[in-house]
Amino acid sequence: MMNVESAQDPPVQDLPAQDLSEQGLPEQRLLMLRAPSANRVYAAASAPLALREAERVLGAHLGVPVTARVREIAGVEHLELCGRAPRDAMVRVASTLSSAMALFAPVDLAGRELLEPVALADVCRHPSDLETTLRYPGKTNEQFTALLINLASAASERRAGLLDGSLALLDPMCGRGTTLSRALRLGLSPVGADVDKADHDAYRAFLTTWMRTHRLKHTSASTRLTVDGRVLGSRFDAELARDKAAQRAGEVQTLSLLRCDAGELARVLGRGRTDVIVTDLPYGVQHGSHGPDSLDRSPLAALSRVLPVWRELLRRDGAMALAINRRTAPFDQAVARLADAGFTTVSADGEFRHRVDQSIDRDVLVAVRTDHPRAAELREESERAAARPSERIAP
Ligand SMILES: C[S@@+](CC[C@H](N)C(=O)[O-])C[C@H]1O[C@@H](n2cnc3c(N)ncnc32)[C@H](O)[C@@H]1O
């Protein structure tokens, strides 16, 4: 549960070693088949986006350089992933990639390359209908949402928490909860906020029905969101476990859904306790953005207003992944707003750019606090990755 807190940032803790690199490990090669919906959603950008996600995410989690390239086999595009890391760890991280559908390992049989199926790791605690059932205009695509979570986690020093359920995730403009549902599937205990009552009520109603339909062990409560005696909005808190056995084993997750302005969150949540902030920012196209007295209708103005608050909430070694519409929030201007608020942007202009429709030209800002222990290194890595041409090889 969240309390109003005014404590200073908690210290950056020593973490269990995550670097899995070992001298002399043989190179592992995996071929990943991407879900066909990835092609439909991102059209031409789907392969480059998957490559960049794979290199960043596998490289960060495994602690070794991993290269990704598109390889066509029997007329079907695969993503070839190469790195000197233990096979199990590589499979586990690859299984979290947003478009992962199937994995194969190439096997040499008397000079002929055959593909051996490799089971994807079971990284999701709940079935996919949690992410896909709710449909509405303005919903963020689920695969793209998974990509945002992966990019933010990769830049956070507590990225291992994505795999063990301990990563603290906040979507401060969560709409009807696509990020929260993905986070729940991954076993996390997310926090979401949205100022819109219809969105809040719709996600609360959906989740309540979903928990009942799936016979999860759960409790939930809707209450007023008050701080210092002032009502800011409302909140919905749920606690859930897959079943009794999971509950006994302590595999209990929580969800907090707040109905309030994203600029008020520092008054509700603890400072420096969030590992990753992941959000699809208002596009400034259909709904505009809500703010006090609806003053900030421009996405850039909204960003400037909320960023100082998000900086307070984010751990020093945490990271953010924000989706922007370049038509209403040009990349360089968004980067400048981030810099003004004390963030370093660690994704390059156009690195994750893709067209959604006529009015939405989407890109991703991955950003860390300027005092993040690896801010400079992440920035350099991103510049190097953006300068590298995406490799594509023939059969
Ligand atoms: C692009 S939508 C997010 C969609 C969401 N990812 C989903 O799949 O449902 C942006 C959201 O930001 C919310 N929003 C805009 N301004 C806000 C503010 N100042 N505080 C909190 N939420 C805000 C809107 O209500 C909208 O739901």
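Couplings for segment 249-265, taken from phi via the Karplus curve 6.51 cos²θ - 1.76 cosθ + 1.60 with θ = phi - 60°, read 7, x, 7, 9, 10, 10, 9, 10, 10, 10, 9, 6, 6, 4, x, 9, 5 Hz in order; Gly and Pro are left as x. Dividing the helix sum by the residues of the chain, where each DSSP H run of 4 or more adds -39500 (n - 2.57), gives a mean residue ellipticity at 222 nm of -9000 deg cm²/dmol.
Relative protection proxy for 156-165, 171-180, from highest mean packing down: 171-180, 156-165 (other beta-carbon atoms within 10 angstrom).
Counted over all Cα-Cα pairs of segment 129-381, pairs farther apart than 26 Å make up 36 percent. Extension gain for Ala105-Arg384 works out to 97.6 nm (0.36 nm per residue, less the C-alpha to C-alpha distance). Against the main long axis of the alpha-carbon atoms of the chain, helix 46-62 sits at an angle near 90°. Comparing His372, Leu338, Ser181 along the charge dipole axis of segment 129-381, the residue lying farthest to the positive side is Ser181, per the Cβ-charge model. For segment 123-250, the spherically averaged projection of the C-alpha convex hull amounts to 8.6 nm².
Overall, the chain carries a charge dipole of about 860 debye about its Cα centre when +1 sits on the Cβ of Lys and Arg and -1 on the Cβ of Asp and Glu, all other atoms neutral. Between 0 and 90 degrees, the angle of helix 197-213 with respect to the longest Cα principal axis of the chain falls at about 60 degrees. Using only the alpha-carbon atoms, how far is helix 331-340 inclined from the longest principal axis of the chain? Give it as 0 to 90 degrees, nearest 10. Approximately 60 degrees, to the nearest 10. Full extension of the chain between Glu72 and Ala119 yields a length gain of 14.8 nm, computed as 0.36 nm times the residue separation minus the alpha carbon distance. By the rule of a C-alpha distance below 19 Å, with chain neighbours fewer than 8 residues away ignored, the lysines paired with Lys244 are Lys217. Here Tyr136 and Asp332 are evaluated by their C-beta separation; at R0 = 35 Å the FRET efficiency comes out at 0.65.
Between His354, Val191, Gln143, the Cα set farthest toward the positive side of the dipole of segment 129-381 (charges on each charged residue's Cβ, about the Cα centre) is that of Val191. Cα centroid separation, segment 154-211 to segment 81-111: 28 Å. Full extension of the chain segment joining Ser222 with Ala245 gains 5.6 nm, where the gain is 0.36 nm per residue of separation less the Cα-Cα distance. Computed from backbone phi with θ = phi - 60° and the Karplus coefficients 6.51, -1.76 and 1.60, the 3J(HN,Hα) list for segment 86-101 is x, 4, 4, 5, 5, 5, 4, 5, 4, 5, 8, 4, 5, 10, 4, 10 Hz; x is used for glycine and proline. Pairwise Cα distances in segment 28-118 exceed 22 Å in 22 percent of cases.
Laboratory data are not the source of any read-out in this text; all were calculated from the coordinates shown. Predicted model, so just to flag it, every value in this text is computed and none were measured. Virtual Cβ from ideal backbone geometry, glycine too; neighbours counted across all protein chains shown.
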